[in-house]
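Have a look at the structure below, then the notes.
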Amino acid sequence: MSDNKAQDLIDSIKNKTKNLEAEMSFFDHIDILRKHLMRALLVIVVFTCAAFYYTDFIFNEIIMGPKNPAFWTYRMMCKLVERFPSIGSDFCITKIDAKIINTEMAGQFTLQMNSCVMVGIILGIPYLLFEIWLFIKPALHENERRSASGFVTFASFLFFLGIFFGYYIICPLSINFLTNFTVSPDIQNTFTIDSYLSSIMTLTLGSGIIFQLPVIIFILSKLGIMTPAFMRASRRYSTVIILIVAAVVTPTADPYTMLIVALPLFLLYELSIYISANIERKRNKELNGNTKAN
């Protein structure tokens, strides 16, 4: 009986040691992740500080750009109307009648800070993705590393593509509609600078995040959660959701604007199906190869 108790005590100590080692291993991983994130944060801070040097350009040319009727998007829309008159003269935007004011004492200083931080985050995203890749890379097998070797480049490309799409397409169309929309002519549209900047940041960064859909599908497909068959079967529902999102993001009356926003989303969805199907094809090929070898 005493021998059994001694053995139970030894087993308990061994289990406790294993649990302690597992906990230490977990906290070690957390510490490594913290170091990666700190390096990425440092790079974002550097970009933010550099943005302060170009504050005038960032504010006047970038932040206030979509409010200017001479903005690139508005000029291209007017050229389209000249080339295709059937679109309608309303599609050509030549006036944005709205006044932006500051209602807080530190409002303009806060505007400068937030604008530079936004620029720092956008420019620092590729390095953040690179640090995340360095963190997860040791846990992958050799074939998984090869298949995901272009993760940072592909994700960064899609992110900046989404940023440009949000800034040059969604932002000007939404701002034009919201600033010119009136319920009554007796009500003048006057917006705070915080509201304007928040709209620019939300629409631009939101588009960059939405354009990460193929990356998310790639990860889910690798984990076996998402399949191309499911995405193909859900295509009709996805079409409705995409059209709803396009209608909400660009609350304009004409269908052309909604289709301009919806088209890239349809292309992203089809690209995601292709990526998922490619992963499934490679997985089936490996399984067939292993079956033949056995």
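Computed from the coordinates by the stated procedures, all read-outs in this text should not be read as laboratory data. These numbers were taken from a predicted model, which means no experiment stands behind them. Glycine gets a Cβ as well: all are built from the backbone with ideal geometry, and neighbour counts include every protein chain shown.
Things to note:
- The length gained on full extension between residue 52 and residue 219, counted as 0.36 nm times the residue separation minus their Cα-Cα distance, comes to 56.5 nm.
- Spacing of the modelled spin labels on residue 68 and residue 184, each 7 Å from Cα toward Cβ, amounts to 3.6 nm.
- A cut-off of 5 Å between modelled amide H atoms, ignoring neighbours fewer than 5 places along the same chain, links residue 192 with 101.
- For region 2-211: relative contact order, % (alpha-carbon pairs under 8 angstrom, 6 or more apart): 28
- Estimated 222 nm signal from helices in the chain, with DSSP H stretches of n ≥ 4 weighted -39500 (n - 2.57), rounded to 500: -25000 deg cm²/dmol
- Whole-number percent relative contact order across region 62-154, with pairs defined as alpha carbons under 8 Å at least 6 apart: 19
- With pairing defined as another cysteine C-beta under 4.7 Å, the cysteines of the chain that fail it are 49, 116, 171.
- Per-residue extension of 0.36 nm, minus the Cα-Cα distance of residue 101 and residue 244, leaves a gain of 48.3 nm for this segment.
- Here the chain yields Rg over Rh of 1.12, to two decimals, using C-alpha coordinates and the Kirkwood radius.
- Highest mean packing comes first when the peptides 190-199, 228-237 are listed by Cβ atoms within 10 Å, giving 190-199, 228-237.
- Estimated FRET transfer efficiency when R0 is 35 angstrom, pair residue 286-residue 209 (beta carbons, to 0.05): 0.65
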